[in-house]
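Structure first, commentary second.
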Amino acid sequence: MGVARGRRRGRGKRVRWRDGRGWLVVHGGTGEGSGGTTGAAGGSPAGDPVRVALEIATSYRARTRGLLGRDGVTGALLLSPANSIHTFGMRLAIDVAYLDRHLRVLAVRTMPPGRLGLPRVRARHVLEAEAGAMRGWGLEAGARVEVRPAVEEP
């Protein structure tokens, strides 16, 4: 489950994920998170990578369901492919990060319930988390993230 690698295209690797769980690793953030690498977030203020529990939603059904009806989020949810989201029917405010095809953060926004996020032209993926979580991870525009499978293969 998790990451499946496709064929090379252009300069970078074409990566496809399947619905499941994995880890989000934030590079180039401020890394204010705490709790060790096995918790929801881990890292240090020194700029070390932050590792966050990740749920991956790539099927139409999983992306449509998203965080609807949940009372909380552990870690983050990756919607792929996606370039916009809405918070209609949600019970909590969320942080939203728009990612380009190279997994670089284009923008981070906090959205209260009942809002519609405008599509981002260059966005290919969207990360969702509880409001305030991304600031704690040091996730900001320009940071790079990496998606790793839940069970690392040797």
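Read-outs: derived from the displayed coordinates by stated rules, not from any lab. Not measured: the values here are computed from a predicted model. Ideal geometry is used to build each Cβ from the backbone, glycine not excepted, and the neighbour counts take in all protein chains shown.
Values for this structure:
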item: Likely footprinting exposure, Asp95, Asp19, fewest C-beta neighbours within 10 Å first; result: Asp19, Asp95
item: Phi-based couplings in Hz for the range 70-87 (Karplus 6.51, -1.76, 1.60; Gly and Pro marked x); result: 8, 8, x, 9, 9, x, 9, 10, 9, 9, 8, x, 6, 10, 7, 8, 9, 10
item: Exposure proxy ranking, count of Cβ atoms within 10 Å, fewest first, for His27, His102; result: His102, His27
